[in-house]
Structure formats: structure tokens, C-alpha cells
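**Student:** Provided herewith is a single structure, encoded as C-alpha cells, for subsequent inquiry.
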Amino acid sequence: MNAPSPHAGATASIEAPAARALRYLIRVPFLLWHVLIDLPIILLLGSPLTGGILVGGERLEHRVIRAWSAGLLRLFGLRLRRYGEPLPGATLFVANHVSWIDIETLHSQRMMGFVAKREIASWPVVGWLASRGETIFHARGSTESLGGVLHEMLARLRAGRSVGVFPEGGTRGGGQVGPFHARIFLAAVEAGVPVQPVALRYGEGGSAQSIIAFQPGESFFANFIRLLGEPSRVAEVHFLEPIAPGEADGRRRIAELARQRIIEAMTG
């Protein structure tokens with residue numbers, strides 16, 4: 001995958017301070033409303049008493065989390081544009097990884113339990129929402145943790161639920177799609193469910209990948225604040241051709257095929 005233009009980050013850094021200050025002035029009050037007013041409503045609607053109510057074939061709890069995620073993206077000036085349709089039922093969704101905002105982007109389109117690093121659980125707001133969104137937390141570098149993650153993924157897929165993963169295992173500055181770890185596809189192979197690749201692009205043609213991504217040494221909070229002041233731009237979600245059970249021979253070939261389809265969508 002071609003890297004974004006080296007001038008993209010520079011453009012963001014030299015814009016007029018007044019424009020960024022104005023965006024903070026407008027967005028911060030809306031963010032506070034979204035957290036202090038909308039979030040408690042989400043808690044109430046997602047309670048055991050009401051969360052299981054079906055609305056249009058979807059649990060109410062899942063529907064309101066998707067709506068909250070879409071609202072959060074709008075607060076950051078991201079206009080969602082979807083291509084293709086997410087598969088219904090038990091599916092392993094695999095996507096390229098740019099930033100924490102990927103989870104909110106995907107959650108706005110389809111409810112899925114993500115596999116994510118354990119540190120996310122402690123992040124303000126996003127960590128709570130990830131937990132409520134059935135995230136499976138993984139301690140990086142721990143073989144024992146990965147075994148537990150794969151067991152939980154398999155159980156959910158066999159129960160007819162969907163799971164989302166970022167097979168690169170981490171973010172890479174937005175400039176490329178790294179190799180996919182094949183082991184994470186084992187659950188889909190054993191459960192006999194389809195794998196649907198998803199390409200995430202920020203900015204027209206992916207021009208803002210490096211802006212959305214974490215900068216070297218940047219914390220979650222610093223990235224959150226920086227992105228809150230960024231200009232409005234499009235966020236593209238490409239649900240690509242699924243890989244049906246048995247279409248590819250083994251988890252390694254599935255990983256290669258999924259990565260290939262995402263790269264083709266990113267550069268197309």
C-alpha cells in the first residue's frame with residue numbers, strides 16, 4: 001500500500017490556530033453533552049431490563065451503542081461513507097488498523113465484539129464503551145492470554161455472534177497495511193464461519209491516514225484531543241467480498257487473501 005503524502009501531516013500542523021480553536025469551541029460543549037447526557041441514556045437503554053428488546057431484529061443495547069458511536073464520530077468531524085454491506089450472523093470481520101477511532105467507526109455500522117489490547121479498558125469513555133460493546137481484551141505478548149482470546153472467539157462464533165479483529169496486531173502510523181497474524185483466523189476456520197475483510201480509509205482516498213493515526217510517542221489522550229480539533233473529513237468503511245468457509249485452504253491463506261483484498265481497496 002502506498003504511504004500517504006508526506007505533506008498531509010504538515011498541512012494539519014501549520015493551519016491557522018484560530019481555526020482549530022474555533023473547532024474546539026464548538027465541539028467541546030457537544031462532547032460534554034454526548035458524555036454527560038447521552039451516555040447515561042445509553043446506560044439506561046442498555047440495562048438488563050431493556051437491552052434485550054429487539055428493534056428491527058437487533059438488540060436495543062446494540063442499536064444504541066451503534067448510534068452513540070456514530071454520534072461520537074460526527075463530533076470529531078468525521079462523515080461516514082459506507083461501501084458494501086456487513087454480513088449478518090456469525091462472521092469474523094478483519095480490518096486494517098489506524099487508530100482507536102477504528103473501533104467506533106466499525107461499531108457505528110455493525111455490532112461486533114472486538115479483540116483489543118487490554119490497555120483500552122482503562123481509556124476514558126472509549127474503554128467503557130468497548131467493554132459494553134463485548135470487547136475481548138488481550139494482553140499483548142502473552143501466549144496464555146491469546147489462548148483465552150481464541151477460545152472466547154470460537155465460543156461466540158459458534159453461538160452465532162460476530163467478532164472483529166485487527167490482524168496486524170497494532171497500529172503502524174497509517175502509512176501501510178502490515179502483515180496479518182494468521183493464528184487469529186483459527187477461530188473462523190474451526191467455527192466454519194465466513195471472514196469479511198473491511199478497509200478503513202480516512203480522508204478522500206485515504207489522504208488522512210497518517211493524521212488520524214497515533215504520532216510517535218503520542219498517548220491516547222493526546223491523540224483524542226488533537227483529533228477533536230481536526231478539520232471535518234470523510235471516513236470510508238469498505239465491507240469487502242467475504243471469504244466463505246472452505247474458499248481458502250487454511251488460516252494462513254485466509255489471512256493473505258483478506259490482507260490482499262484490503263490493500264486493493266485502500267489503493268483503488
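**Student:** From the list Gly113, Gly77, pick out the single residue that is over 26 Å from Glu152 (Cβ atoms) and not aromatic (Phe, Trp, Tyr).
**Tutor:** Gly77
**Student:** Something else about it: Can you tell me how many residues in region 143-169 are out of contact with any His (no Cβ under 7 Å at 6 or more places or on another chain) and either polar (S, T, N, Q) or farther than 16 Å from Ile243 by Cα (or both)?
**Tutor:** 16
**Student:** Still on this model: Given the conditions (1) touching a residue at least 60 places away in the same chain (Cβ under 8 Å); (2) buried (at least 18 other Cβ atoms within 10 Å of the Cβ), which single one is not true for Phe220?
**Tutor:** With respect to (1) touching a residue at least 60 places away in the same chain (Cβ under 8 Å); (2) buried (at least 18 other Cβ atoms within 10 Å of the Cβ), Phe220 is out only on (2).
**Student:** Test of understanding: among Arg23, Arg27, which residue is surrounded by 15 or more Cβ atoms within 10 Å (Cβ to Cβ), part of a helix (DSSP H, G or I), charged (D, E, K, R) and in contact with a Pro (Cβ under 8 Å, 6 or more places away or on another chain)?
**Tutor:** Going through Arg23, Arg27 in turn, just one is surrounded by 15 or more Cβ atoms within 10 Å (Cβ to Cβ), part of a helix (DSSP H, G or I), charged (D, E, K, R) and in contact with a Pro (Cβ under 8 Å, 6 or more places away or on another chain): Arg23.
Conditions tested, residue by residue: (1) in contact with a His (Cβ under 6 Å, 6 or more places away or on another chain); (2) surrounded by 17 or more Cβ atoms within 10 Å (Cβ to Cβ); (3) at pLDDT 95 or above; (4) among the hydrophobic types (A, V, I, L, M, F, W, C).
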| position | (1), (2), (3), (4) |
| --- | --- |
| Ser69 | yes, yes, no, no |
| Phe76 | no, yes, yes, yes |
| Phe93 | no, yes, yes, yes |
| Met111 | yes, yes, no, yes |
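**Student:** Can you name every residue in region 247-263 that is surrounded by fewer than 17 Cβ atoms within 10 Å (Cβ to Cβ) and free of Cβ contacts under 8 Å to residues at least 12 places away in the same chain?
**Tutor:** Scanning region 247-263 gives Glu247, Asp249, Arg253, Gln260.
**Student:** Another question about this same structure. All but one of (1) touching a helix residue (DSSP H, G or I) at 6+ places or on another chain (Cβ under 9 Å); (2) surrounded by 20 or more Cβ atoms within 10 Å (Cβ to Cβ) hold for Pro242, so report the exception by its number.
**Tutor:** (1)
**Student:** Let me ask something else. Could you check how many residues of region 106-124 are basic (Lys, Arg) and assigned to a helix (DSSP H, G or I)?
**Tutor:** 1
**Student:** Gly169 is checked against (1) surrounded by 16 or more Cβ atoms within 10 Å (Cβ to Cβ); (2) over 18 Å from the mean Cα position of the chain (by Cα); (3) part of a loop (DSSP other than H, G, I, E, B) and fails just one. What number does that condition carry?
**Tutor:** The failed condition is (2).
**Student:** Any idea how many residues of region 237-265 are within 16 Å of Val177 (Cα to Cα) and in contact with a Ser or Thr (Cβ under 9 Å, 6 or more places away or on another chain)?
**Tutor:** 1
**Student:** Can you spot a residue in region 200-221 that is closer than 21 Å to Leu87 by Cα and either at pLDDT 95 or above or not polar (S, T, N, Q) (or both)?
**Tutor:** For region 200-221, residues closer than 21 Å to Leu87 by Cα and either at pLDDT 95 or above or not polar (S, T, N, Q) (or both): present.
**Student:** A further question follows. Taking the condition more than 28 Å from Ala155 (Cβ to Cβ), touching a residue at least 12 places away in the same chain (Cβ under 8 Å) and small (Gly, Ala, Ser), does Gly203 pass?
**Tutor:** Here the answer is yes, as Gly203 does meet what is asked.
**Student:** May I pose another question? Within region 86-117, can you find the residues that are in contact with a Ser or Thr (Cβ under 8 Å, 6 or more places away or on another chain) and charged (D, E, K, R)?
**Tutor:** Hits for region 86-117 are Glu104, Arg110.
**Student:** Given the structure, is Leu186 of a type in the set (A, V, I, L, M), under 16 Å from the mean Cα position of the chain (by Cα), surrounded by fewer than 23 Cβ atoms within 10 Å (Cβ to Cβ) and farther than 24 Å from Gly268 by Cα?
**Tutor:** no
**Student:** Just one of the numbered conditions (1) farther than 25 Å from Glu264 by Cβ; (2) surrounded by fewer than 17 Cβ atoms within 10 Å (Cβ to Cβ); (3) basic (Lys, Arg) is not true of Arg63; which one?
**Tutor:** (2)
**Student:** Further, regarding this structure: Select from region 223-239 the residues that are of a type in the set (Phe, Trp, Tyr) and surrounded by 20 or more Cβ atoms within 10 Å (Cβ to Cβ) and list them in ascending order.
**Tutor:** If the condition is that a residue be of a type in the set (Phe, Trp, Tyr) and surrounded by 20 or more Cβ atoms within 10 Å (Cβ to Cβ), then Phe239 is the only one that fits.
**Student:** If you take the residues of region 43-55 that are buried (at least 16 other Cβ atoms within 10 Å of the Cβ) and out of contact with any strand residue (DSSP E or B) (no Cβ under 8 Å at 6 or more places or on another chain), which of them is modelled with the lowest pLDDT?
**Tutor:** Gly46
The values are calculated or read from the model by the stated rules, or taken from the named source; none is laboratory data. On a predicted model such as this, the values are computed, not experimentally measured, just so you know. Reconstructed Cβ throughout: ideal geometry from the backbone, glycine too, with neighbour counts over all protein chains shown.
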